[in-house]
Amino acid sequence: QVQLVESGGGLVQPGGSLRLSCAASGTIFRFYTMGWYRQVPGKQRELVATITSNGGTNYGDSVEGRFTISRNNAKNTVSLQMNNLKPEDTAVYYCNVRLSAIGYWGQGTQVTVSS
């Protein structure tokens, strides 16, 4: 059974930093694309960042240059370093892993950026 467990969310002031981590278990993830998405109430879930099995990255326009995604295939983890956080980054952040049409989601972790 595939499980994704996120950690690292919380409350941070504007301009601050947070690091999210996602620990995956239940299958071999090194072939999967791993990533982060976020959602606020009333809006669609949106892409934050993804990283492919060979390390290729893709970022949402609003986070490009501020967020960095990385993965550790030996530990089945994916992380998101978030710098220069803004109030509009406030959302529930979800870890995602996918291989072709097969995808899995974590339960989400809340990130709140507020003074």
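Worth a mention:
- Ligands, DNA and RNA left out, the accessible area of the chain computed with a 1.4 Å probe is 47% carbon and sulfur.
- Length available on full extension from Ser70 to Gln44: 0.36 nm per residue minus the Cα-Cα distance, which gives 6.9 nm.
- Under Karplus coefficients 6.51, -1.76 and 1.60, residue-wise ³J(HN,Hα) of segment 7-17 in Hz, glycine/proline x: 8, x, x, x, 9, 9, 7, x, x, x, 10
- Whole-Hz ³J(HN,Hα) from phi, Karplus 6.51 cos²θ - 1.76 cosθ + 1.60, for segment 66-79, glycine and proline x: 10, 10, 9, 9, 8, 9, 10, 5, 5, 9, 6, 10, 10, 10
- About the Cα centre, charge dipole magnitude for the chain (Lys/Arg +1, Asp/Glu -1 at Cβ), debye: 240
- Under a 5 Å amide H cut-off, with hydrogens placed 1.01 Å from N, Gly108 pairs with Glu6, Cys95 among residues at least 5 apart or on other chains.
- Hydrodynamic analysis of the chain uses the Kirkwood radius over alpha carbon pairs. Inserted into Stokes-Einstein at 37 °C and 0.692 mPa s, it gives a translational diffusion coefficient of 234 µm²/s.
- Per residue, the chain exposes 53 Å² of solvent-accessible protein surface, assessed with a 1.4 angstrom probe and all protein chains in place.
The values are calculated or read from the model by the stated rules, or taken from the named source; none is laboratory data. Model, not experiment: these values are computed from the prediction. Ideal geometry is used to build each Cβ from the backbone, glycine not excepted, and the neighbour counts take in all protein chains shown. With ligands, DNA and RNA removed, areas are computed over all heavy atoms of the protein, side chains included. Shrake-Rupley method; radii C 1.70, N 1.55, O 1.52, S 1.80 Å.
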